[in-house]
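The values are calculated or read from the model by the stated rules, or taken from the named source; none is laboratory data. Please read these numbers as outputs of a predicted model, since none were measured by experiment. Here the Cβ positions follow ideal geometry from the backbone for every residue, glycine too, while neighbour counts run over all protein chains shown.
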Amino acid sequence: MSSSAIFVLDLEGEVLICRNYKGDVDMAEIDRFLPLLMQHEEEGLLCPVLSHGKVHFMWIKHSNLYLVSTTNKNSNASLVYSFLYKIVEVFTEYFKELEEESIQDNFVVVYELLDELMDFGFPQTTDSKILQEYITQEGAKLEVGKSKVPTTVTNAVSWRSEGIKYKKNEVFIDVIESINVLVNANGSVMSSDIVGSIKLKTMLSGMPELRLGLNDRVLFGLTGRDKGKTVVMEDVKFHQCVRLSRFDSDRTISFIPPDGESELMSYRINTHVKPLIWIESVIEKFSHSRVEIMVKAKGQFKKQSVANNVEVRVPVPSDADSPKFKTSTGQAKYVPEKNMVVWTIKSFPGGKEFLMRAHFGLPSVENNELEGKPPVTVKFEIPYFTVSGIQVRYMKIIEKSGYQALPWVRYITQSGDYQLRTNV
Amino acid sequence: MPYLGSEDTVRELRRHLSNPNVQSDPLRYRSSILKVIRAMSQGVDVAGLFSEMVKACATVDIVQKKLVYVFLCSYATLNPELSLLVINTLRKDCQDPNPMVRSLALRNMVNLRLPSLAEYVEQPLSAGLRDRAACVRRVAVLGWAKLHNLQPASEIDAAVVNELYGLLRDPDPVVMVNCLRALEEILKEEGGMAINKPITHHLLNRLGQLDVWGQCEVLRVLQRYRPQSESELFDILSLLDASLVSPHPPVMAATLSLFLVLCPDLPAVSFAALERVRGPLLAACGSASRETRFTALCHIQLLLRSLPGLMGAHYKRFFCGYAEPAYIKQRKMQVLVELVNDDNVAMLLDELRGYCTDVNADTAQAAISAIGRIGRSYSDQCLQILTGLLGLQQEHITSAVVQTMRDLVWVCPQCSDTVCSALEGCEETLQDSQGRQALLWLLAVHGERVRSAPYTLEGFIDGVRGEASPGVKMELLTTTMRLFVCRPAETQDMLGRLLHHCIEEETDMCVRDQALLYYRLLRCGMEETRRVLGGRRSEPSLGVLIGRPAEPISQWASSFNTLEPLKQGAGETETTGRASPQHVTFDLDSDLSDTLNSGAGGFSFSPAGVQAPPLTLSLSPALSPEEFERLWTQRRAPPAEEGAEELDYVCLEERIRCPAVPHCSPQSLQAAMQLVNIQTLAFTAAHASPWRVYLYTHAQQAARSALILGQLLYAGEDEDEDEAGLSEGPSPRGREEEVKVTLKQRPRDEKALQGFLSILTAVLHTLPFNTH
């Protein structure tokens, strides 16, 4: 891949921190970056690669920062983006939030991390679990003679150190699925998929060996059993600790878990999902006078389940004023800076139907600007339920010392990119 | 710290650093160093503190060391002499019992980037290669690459290179990958490291232990390997199969790239690999990172160039989300245009219509031109949408629609009636020069059918003084002239005014010259004017080519998984969009056949059967489509009259078995024909039935030249019964694969005609067969 230098810029294009890895591109070139970005944006040709002469800038934006990698080679773009996102991931794990302030407050750690993440333009140690063992924010406190080499840098099991001890041995398993739905204005589902992930919080002593059993259809087909509901997963991604060869041969997910929180696996299921919260909206716009909005929300999931913190966001014209609302439940609020009404329902039982009406005034002088047709978006969270029906059948924990450990499983379904187009 | 100018800051910092009290208190010393680094990050020039900082690196505190090294590496090139002082400390650190300290020292020793220090660095680097700790070996290996990069001229010791090769077997995966990287850099001149069978197999076996970055590196390096036997090749391929569907897009892309490079001669394997990556690629298109999504889309575009049917069933995955950035939306639309077919066209157009009113003007324009592209095959539905959009009376939408209509009319002249009626009144909304130019062009070509054309022109001519764009003025001149030819009474007065203005007052030379030219042309008389201005029109009777050719994979395989595909598309939007080249041919002197004949020249081809004198095909003199049509219809003789007693003219019908032809894209057919100097003039749409191609050439044999006109007809499965009766013999299955060739030649020359036929047959048999 080879990236010549990595820069972190603020939104004004000022360099907050940078690292010159190869020295084959003039570091002053970065001054061209923001003007170039602006120029392309104006021409509508903005693109994640910008070039000035022989220098290519590959950039991503994260909160109020630009992360830019420069190169003068025809390098592998997707790898560079993956690396930039890796940087974001690592920094976020260190600073909770990656933004201008956190970079400035922690520039020592940032320098240290940049040093370890890449050398001579090649990614080196990018696993934040490993990095955290020898680059710590406590470095700000002075410890002379500290820093023994973490075993993980050289160890066979690079993601877990030896000698971890807990009083009570527990594993928490979170199965989280988010639904992406795009519904057309006439109510037909254009696309839908489920993105799931299984997260672990491991509090286990020693070097435990774990085995996770799921109701995976391929597995059931393999063993000839076919009872109950099974799930076909696509694009399954595992944490590096999972032994892929075993998964490929007999679909067993066996691994030595990293300590603390980690994402064990993620998957995608590309299937036709019935939108869990169905929205029917009628938005009537009477030019020069008013807009009337009627939104009906219906919970299309089991009666026993309850969706929490439901937020229905309905777009309104930017020049609307004097809002009036009536809701059968929950609260509606006008958010003028985002041009939308947010209707919040704290708890939404399955099978129920709720209504919201809104009324806005429109100025008599019409806004001539063309406005897009923003869709209605919905946010929600349904605990104790997965859309795909995926289930953890068992979690076996084996450790030399033979302690008993408890696995705890929690399921949750939430909205991902959940859009319903409107007819206005 | 109070605000200080940069000089004051440096002075203040120096005072702190050299204060013995501070130096004796590790905490205060470190915080002073922190201040220096902070100032450095903020862009203050702290180079002056170099000597103070050199002293600070002799410490046991690792964090302080790291910070000082960051400083030293940034400023070492400015202070090469002082940097010599650091080397001692660094070399001492290389002996430190702590491997972290050793690796840190080793890394920064080379990062100082001072060629003068090379001699001091080599020994620790060599020792580093044999260090016990993997983290030191990692650094040492790359250190050699850096050293080489620093002094590209000097040779790296062969012993070191050997040692590096040996370290490919290092137990630590990162050391191994770094070795690859270092060897590639050091042996760049020789074309990179040697990739032989043992190394390849070793690398492949360890692929599973590597992280994403390492896997990509290995896969890239392996591209240079040439398997010694077919069975070895297939062993490698099956080993790589798992990475081909890897959920990490970079690994998947690198593997596919390797597949394509390894088996250029096995198209079936390559195509199978493309099918395999469809799933992962689509997944990457739905990735959370928009850059990954963008990259995936760009690469899908590459794949579609060879395998247009690859994503057909998944067109919905390319529908745009509301909040997606414009560059993704535009790419998605480009992909959608490729995926259109009879089943999804309604859905697709509905979706695209939604994008036409996007808040982002560029996205809206891209959507409109995408509809225009689809209009080439589904003109009615598209025109309905386009005319509907004119009703919105939005400036940028109208402009884009008019430009799209211009491009569409050229390709599909049958749309001109609808377009003409839609044009009325839209000049009011048009503001930008490109849109107005397009409108003028349309009026020039179809002016006689637009009722209000003279009024529209009058508006333009009245405002010509305030017109800034020379392009619009030139277009206006041409349009007025052409309208004058067909509607003289209404236009004469305004033409006079326009010419007067352009000749007397215009300051732009091009405009003035053109006006003068027209003026002089008019003085040559009306007949002459009409002859010159009555330029070419596209031929409704002949239909026009649609769709892109399916290219061989090798066309793009080398640019796969690099920056190129990301850059390519940006230009592509332009060509597919506004700047379609066709309307250039309407300029005064250029002739359609000229542009078609850019490759005219002599080409000699003597098929095996034909003895000397050799038959030569030539494209000149060029034949325009009109002329072709005239000659063709003039000679439309019933097939029964074959060999009729006409002295100067012969007509011949043949059937050629050629399964590829109807499935072949117009461009590849055209390219194949042009290779032997046969000019294809027009095509019906691919997969339309009956499918026709018209072509011509001049056959020259022994100083005699004859014009040959030809038609290839493929009637498809639903050929009439009586037609089948004529061809008596071949089974229905065979008939499906036959192409009927009708040739007309003047003057008559049977031998040349037979020769031509055998060439044509040979060409048709070389056509690639596209699988769908």
If you scan the range B:132-177, which residues turn out to be farther than 19 Å from B:L106 by Cβ, facing chain A (nearest Cβ under 10 Å) and part of a helix (DSSP H, G or I)? B:P173
Odd one out for B:L244 among (1) under 21 Å from B:L266 (Cα atoms); (2) within 10 Å of chain A (Cβ to nearest Cβ); (3) in contact (Cβ under 8 Å) with a residue 12 or more places away in the chain: (2)
Name the residues in the range A:390-400 that are within 30 Å of A:S192 (Cα to Cα) and either assigned to a loop (DSSP other than H, G, I, E, B) or among the basic types (K, R) (or both), would you? A:I390, A:Q391, A:R393
Mind checking which residues of the range B:520-571 are among the aliphatic types (A, V, I, L, M), part of a loop (DSSP other than H, G, I, E, B) and modelled with pLDDT of 60 or more? B:A550, B:I553, B:L563
When every residue in the range A:401-424 that is among the hydrophobic types (A, V, I, L, M, F, W, C) and part of a loop (DSSP other than H, G, I, E, B) is compared, the one modelled with the lowest pLDDT is A:V424
For the range A:354-367, does any single residue satisfy the condition of being surrounded by 16 or more Cβ atoms within 10 Å (Cβ to Cβ), under 24 Å from the mean Cα position of the chain (by Cα) and in a strand (DSSP E or B)? no
Exactly one of (1) farther than 17 Å from A:G23 by Cβ; (2) in contact with a helix residue (DSSP H, G or I) (Cβ under 7 Å, 6 or more places away or on another chain); (3) among the β-branched types (V, I, T) is unmet by B:V121. Its number? (1)
Out of curiosity, is B:V10 without any contact (Cβ under 8 Å) to a residue 40 or more places away in the chain, touching a Lys or Arg at 6+ places or on another chain (Cβ under 7 Å) and either over 21 Å from B:D61 (Cβ atoms) or buried (at least 16 other Cβ atoms within 10 Å of the Cβ) (or both)? no
A:V312, sole failed condition from (1) assigned to a strand (DSSP E or B); (2) surrounded by fewer than 18 Cβ atoms within 10 Å (Cβ to Cβ); (3) of a type in the set (V, I, T): (2)
Being surrounded by fewer than 20 Cβ atoms within 10 Å (Cβ to Cβ) and within 28 Å of the chain's Cα centre (by Cα) is the filter here, so list the residues in the range B:433-453 that pass it. B:S433, B:Q434
In the range B:54-88, which residues are of a type in the set (A, V, I, L, M) and without any contact (Cβ under 8 Å) to a residue 24 or more places away in the chain? B:V60
Close pairs from the range A:26-43: first free of Cβ contacts under 8 Å to residues at least 40 places away in the same chain and under 16 Å from B:N360 (Cβ atoms), partner outside any helix (DSSP H, G or I) and of a type outside the set (V, I, T), Cβ under 6 Å, at least 6 apart: A:H40/A:L46
Look through B:L207, B:L180 and report the one residue that is aliphatic (A, V, I, L, M) and either without any contact (Cβ under 8 Å) to a residue 40 or more places away in the chain or not in a helix (DSSP H, G or I) (or both). B:L207
Report yes if B:K92 is within 16 Å of B:T59 (Cβ to Cβ), assigned to a helix (DSSP H, G or I) and free of Cβ contacts under 8 Å to residues at least 40 places away in the same chain, otherwise no. yes
Could you check how many residues of the range B:35-90 are within 11 Å of another protein chain (Cβ to nearest Cβ) and farther than 19 Å from A:R19 by Cβ? 3
State whether one or more residues within the range B:327-340 are buried (at least 19 other Cβ atoms within 10 Å of the Cβ), more than 14 Å from chain A (Cβ to nearest Cβ), within 14 Å of B:A367 (Cα to Cα) and among the acidic types (D, E). yes
Specify which of the listed residues (A:I103, A:I17) is in contact with a helix residue (DSSP H, G or I) (Cβ under 7 Å, 6 or more places away or on another chain), within 12 Å of another protein chain (Cβ to nearest Cβ) and either outside any helix (DSSP H, G or I) or charged (D, E, K, R) (or both). A:I17
Just one of the numbered conditions (1) within 14 Å of chain B (Cβ to nearest Cβ); (2) surrounded by fewer than 13 Cβ atoms within 10 Å (Cβ to Cβ); (3) small (G, A, S) is not true of A:G402; which one? (1)
Selected residue [more than 15 Å from A:G13 (Cβ to Cβ) and within 8 Å of chain B (Cβ to nearest Cβ)] from A:S63, A:S78: A:S78
Residue ID - farthest from the chain's Cα centre (by Cα), chosen from residues in the range A:81-94 that are facing another protein chain (nearest Cβ under 7 Å) and over 22 Å from A:H52 (Cβ atoms): A:S82
Subset of the range B:287-324 (residues that are within 9 Å of another protein chain (Cβ to nearest Cβ) and in contact with a Phe, Trp or Tyr (Cβ under 8 Å, 6 or more places away or on another chain)): B:S289, B:E291, B:T292, B:F294, B:T295, B:H299
Output the residues belonging to the range B:419-466 that are of a type in the set (S, T, N, Q) and farther than 20 Å from B:L408 by Cα. B:T429, B:Q431, B:S452, B:T456
Go through the range A:108-136 and give me each residue that's at pLDDT 85 or above and among the aromatic types (F, W, Y). A:Y111, A:F120, A:F122
Checking B:A254, B:A284, B:A272 in turn, the sole residue that is away from every other protein chain (no Cβ under 14 Å) and assigned to a helix (DSSP H, G or I) turns out to be B:A272
Could you tell me whether the range B:219-231 includes any residue that is within 13 Å of chain A (Cβ to nearest Cβ), surrounded by 19 or more Cβ atoms within 10 Å (Cβ to Cβ) and hydrophobic (A, V, I, L, M, F, W, C)? yes
Within the range B:91-101, restricting to residues that are within 14 Å of chain A (Cβ to nearest Cβ) and not polar (S, T, N, Q), the one that is surrounded by the fewest Cβ atoms within 10 Å (Cβ to Cβ) is B:P97
B:G143 passes all but one of the listed conditions (1) at pLDDT below 90; (2) closer than 25 Å to B:R169 by Cα; the exception is number (1)
Among the residues in the range B:32-50, are any in contact with a Phe, Trp or Tyr (Cβ under 9 Å, 6 or more places away or on another chain) and closer than 20 Å to B:V121 by Cβ? yes
